[in-house]
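Structure first, then comments.
The values are calculated or read from the model by the stated rules, or taken from the named source; none is laboratory data. None of these values were measured; they are calculated from a predicted model. No Cβ is skipped: glycine too gets one built from the backbone with ideal geometry, and neighbour counts run over all protein chains shown. For accessibility, only protein heavy atoms count, side chains too; no ligands or nucleic acids. Shrake-Rupley method; radii C 1.70, N 1.55, O 1.52, S 1.80 Å.
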Amino acid sequence: NMPHHHLAAFASQTNPKRKDAALARGCERSAFQFWIERLTNHHSDLNQRREALITITELLAHGETCVQLIDLGVCEAFNHCLNDNDELLRERATSNMAMIVDVAGAKGCDRMLEDGVQKQLCTLLEDRSASVRSAAYDALVQWCARSAKAQLKLCSEAETVEQLLINSERAPPEHAVKALHLLRICLTGRNPNTTVGDTTRNNITHHFAST
């Protein structure tokens, strides 16, 4: 049998598997930071940015890595991409906002609010690309369906509400339907204890009554 003092010394040593796991987490974090930096670095060319975005998109599908990416600033990075000249990057980054909401839930919703993502997403509702506009509607619908805070933020901005009302009448049918759907989500509210504001509610209700 192993002497008692040897047992105590052995028990006090770091578990090799735990040490390996910690090392792996450190490597993961470094890799995640690398892809986020490549995505936003103005020295990265288009192919590098696309490669980074594709890699991050795959990582977002898993809950644990999605949360890690959020903590490392992926929402802010995507917000940066929404201004990119490349249509594919804008569309994919916008779709990834919906994925963050879906996978990370409240954490993703709240972080997107902190990073002011709603402003740029609303701007994309007028994007020159129909696929980007569609992705922006889908991301906003997903976000507002999950977060009363997002609803409140969206409806507190009169210009956004007016834009959605106009789009519900003048946009192509597929986007007009999405605009109405988004307005109805914000009007009915996800949380019965949260209101979108009497003036906004009255304006939207009046619009629906007159159509």
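Against the test of being of a type in the set (G, A, S) and out of contact with any helix residue (DSSP H, G or I) (no Cβ under 7 Å at 6 or more places or on another chain), the options A93, A106, A77, A98 yield a single qualifying residue, A106.
The residues of region 31-67 that are of a type in the set (A, V, I, L, M) and open to solvent by 60 Å² or more (accessible area, probe 1.4 Å), listed by number, are L46, I54, A61. Only residues in region 101-122 that are closer than 16 Å to E157 by Cβ count as the first member; pair them with residues that are of a type in the set (F, W, Y), Cβ under 6 angstrom, at least 6 apart or cross-chain, and list the lot. Matching pairs, first to second residue: none at all. With respect to L113, is the statement that it is touching a Lys or Arg at 6+ places or on another chain (Cβ under 7 Å), open to solvent by 30 Å² or more (accessible area, probe 1.4 Å) and in a helix (DSSP H, G or I) true? Here the answer is yes, as L113 does meet what is asked.
Yes or no: T211 open to solvent by 20 Å² or more (accessible area, probe 1.4 Å), closer than 23 Å to E114 by Cβ, modelled with pLDDT under 90 and not small (G, A, S)? So T211 fails the test. Evaluate region 73-83: report whether one residue or more is more than 16 Å from G116 (Cα to Cα) and out of contact with any Ser or Thr (no Cβ under 7 Å at 6 or more places or on another chain). Within region 73-83, none of the residues are more than 16 Å from G116 (Cα to Cα) and out of contact with any Ser or Thr (no Cβ under 7 Å at 6 or more places or on another chain). The listed residues are L187, L182, and the only one of them that is at pLDDT 90 or above and part of a helix (DSSP H, G or I) turns out to be L182. For region 145-153, the criterion of being within 22 Å of E76 (Cα to Cα) and not in a helix (DSSP H, G or I) is satisfied by at least one residue.
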